[in-house]
Amino acid sequence: MGFKRFDPEDFLVSADAVSSTVWSGNSPELTSFFTSSAQFQTAGDYYLSIYQTASVNPSAEVQFDIAYGNRYGSGSLYYNTSVPGVSPSSTIFGQYRSLILEDENSQFLFGSVTSSYFYAINVTRARYKEKLLPGSLNLKLTSGSTTLSLTDNSQNGNLPLYYGTQRAYQVVSGSNGLPYNFTLGGTGFTPSSGSYGLFFPDTSIILLNGLALNSTGSAGGLGLNTNLTPNTDGQNVLKLYKALVSGSSFELNSEETITSDFVFVRSRNAEFNYSTNPSFISGSTGEVIYSYFINNPQVYPTTVGLYNDANELLAVAKLSRPLQKNFTKEALVRIKLDF
């Protein structure tokens, strides 16, 4: 066994971005959407969990949740009729406002237009490791004879918006991170309701602009018919769910930054040429038994150990095959540590 202290240039840190699919089964696209009937009796007033297959199927896993938020509490029943405006929809609105805007008095801007209500799609945390991949969002929503193809605008060359420390991109009409007719100046926004939503890749949230989805015809909307009546169970979450089912296409990928430490182990021609195997040494005289090991040693390293200053073994790297080493050869072993 031989030891050698590393030099600073023997260490290198590298970071690589790796993308992968989000949905269960390594599927890049969800085409079927299922809910659980049991949820309508518990959390259904607040959100619906969406599965990739029937919830009774052993392979069923929650892919994402959908919710409806309204600043004024409209579209859902009040908790207490003597306290108007306080309902599940106002709770959802306040929850996302606190999480994203970090200010209970702020409002959501979609493009340059303020909307008091939105639909939220929240990808389940178990579906990805670090964050969602901008540019991979492709979502189809269909209501009646109208279909919207939505994406984020991360590939149009503009810098992302920031809400606190969170990146955000506008959700626009288009595909693969670009608005339709982008080369001709198209923005993918609606004519009067701003963008179709906001995409937050670092927190896996997609907020869809209710004002835009509720508009019809030349206004560029979906005609989702959101119920804005106070103290009424408008079942607005179900309306978005039905639009998802009819559109039958939701593409999304995730992104992970893998940081690696590279350690370069250099063995020069005059180093590490002798074996420390005690069987090569005479037990009575302490001499090398085989004389050719003196002038022409041949060793075959198979393992590299990383030690600290206290001579404690921290890590072990195994070579793929034994490496021949003698005075005529030098060796360079690159070790990659991922974490």
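As a check on your grasp of the helix formula, calculate [θ] at 222 nm for the chain: sum -39500 (n - 2.57) over DSSP H runs of n ≥ 4, divide by the residue count, round to the nearest 500.
Details: 4 runs with 30 residues, N = 339.
Calculated mean residue ellipticity at 222 nm is -2500 deg cm²/dmol.
Using the Cα centre as the reference, give the magnitude of the dipole from point charges on the C-beta atoms of region 120-264 (Lys, Arg: +1; Asp, Glu: -1; all else neutral), rounded to the nearest 20 debye.
Values: 8 positive and 8 negative charges, 66 e Å.
So the magnitude is around 320 debye.
Would you kindly state how much longer the chain becomes between V316 and V113 on full extension, computed as 0.36 nm times their sequence separation minus their alpha carbon distance, in nm to one decimal?
On the way: separation 203, 0.36 × 203 = 73.08 nm, distance 5.80 nm.
Taking 0.36 nm per residue and subtracting the Cα distance, the gain is 67.3 nm.
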Computed over the Cα atoms of region 124-198, what is the ratio Rg over Rh, Rh following Kirkwood? 1.00
Whole Å is fine, so just give me how far the alpha carbon centre of region 168-222 lies from that of region 235-254. 15
In nm, the gap between the two label points placed 7 Å beyond Cα toward Cβ at A17 and E61 is 2.4
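Please identify every one of the chymotrypsin sites (Phe, Trp or Tyr not before Pro) in region 111-181 that sits in a loop by DSSP and has no more than 13 other beta carbons within 10 Å of its own beta carbon. Can you show the working numbers first?
Working: sites: Y117, F118, Y119, Y128, Y162, Y163, Y169, Y180; in loops: Y128, Y180.
Sparse-neighbourhood loop chymotrypsin sites (Phe, Trp or Tyr not before Pro): none present.
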When the convex hull of the C-alpha atoms of region 1-140 is computed, what volume per residue in Å³ does it have? 250
How large is log10 I(q)/I(0) at q = 0.15, 0.18 Å⁻¹ when the Debye formula is applied to the Cα atoms of region 58-194, each weighted equally and without solvent? -0.92, -1.24
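Please return the longest stretch of the chain lacking exposed loop sites, where trypsin sites (Lys or Arg not before Pro) count only if DSSP places them in a loop and at most 15 other Cβ atoms lie within 10 Å. Don't skip to the end; give the middle numbers.
Details: sites that count: K4, R5, K129, R268, K329.
Of all site-free stretches, the longest is 130-267.
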Could I have the simple spin-label model distance between E330 and E102, label points 7 Å from Cα toward Cβ, reported in nm to one decimal? 5.2
Taking a ≥ b ≥ c as the square roots of the Cα gyration tensor eigenvalues, with a/c under 1.5 meaning rounded and otherwise prolate when a/b beats b/c or oblate if not, region 249-339 comes out prolate
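So if R0 is 22 Å, what FRET efficiency would T183 and T146 give, r being the distance between their Cβ atoms, rounded to the nearest 0.05? Before the final figure, lay out each step's value.
Details: r = 25 Å, r/R0 = 1.14.
Efficiency at R0 = 22 Å is approximately 0.30.
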For the chain, with +1 on Lys and Arg beta carbons and -1 on Asp and Glu, the positive-most of V113, G164, T146 along the dipole: T146
Non-local residues with an amide H under 5 Å from the amide H of G73, with H modelled 1.01 Å from N and Pro and chain starts lacking one, are S90
The whole-number value in µm²/s of the Stokes-Einstein translational diffusion coefficient for region 261-311, with Rh from the Kirkwood sum over alpha carbon pairs at 10 °C and 1.306 mPa s, is 117
Quick numbers on region 175-251, Rg and Dmax over C-alpha atoms in Å, give 14.0, 46
So what is the accessible area of region 92-249 per residue, in Å², with the probe set to 1.4 Å? 42
Could you give the dipole magnitude of the chain about its Cα centre, charging the beta-carbon of Lys and Arg +1 and that of Asp and Glu -1, in debye to the nearest 20? 500
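Keeping all protein chains in place, calculate the accessible area per residue for region 1-73 (probe 1.4 angstrom), answer in Å².
Numbers: 4270 Å² over 73 residues.
Normalised by residue count, the accessible surface of region 1-73 is 58 Å².
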Whole-angstrom Cα spans of the chain along principal axes, big to small: 100, 49, 38
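Just check region 73-130 against the gyration tensor rule for me: Cα atoms, a ≥ b ≥ c as the square roots of the eigenvalues, rounded for a/c under 1.5, and otherwise prolate or oblate depending on whether a/b exceeds b/c. All intermediate terms of the calculation are to be shown ahead of the outcome.
Working: a/c = 2.22, a/b = 1.44, b/c = 1.55.
Because a/c hits 1.5 or more and a/b fails to exceed b/c, region 73-130 counts as oblate.
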To make sure I understand the rule: partners must be lysines, Cα under 18 Å from the Cα of K4, and not fewer than 8 residues away in the same chain. Which ones qualify? K318, K325, K329
For region 1-44, which chymotrypsin sites (Phe, Trp or Tyr not before Pro) are both in a DSSP coil and crowded by at most 16 other Cβ atoms within 10 Å? F3, F6
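The values are calculated or read from the model by the stated rules, or taken from the named source; none is laboratory data. Being a predicted model, the structure only gives us computed values, none of them experimental. Cβ atoms come from the backbone with ideal geometry, glycine included; neighbour counts cover every protein chain shown. Only protein heavy atoms, including side chains, enter the accessible area calculation; ligands, DNA and RNA are left aside. Shrake-Rupley method; radii C 1.70, N 1.55, O 1.52, S 1.80 Å.
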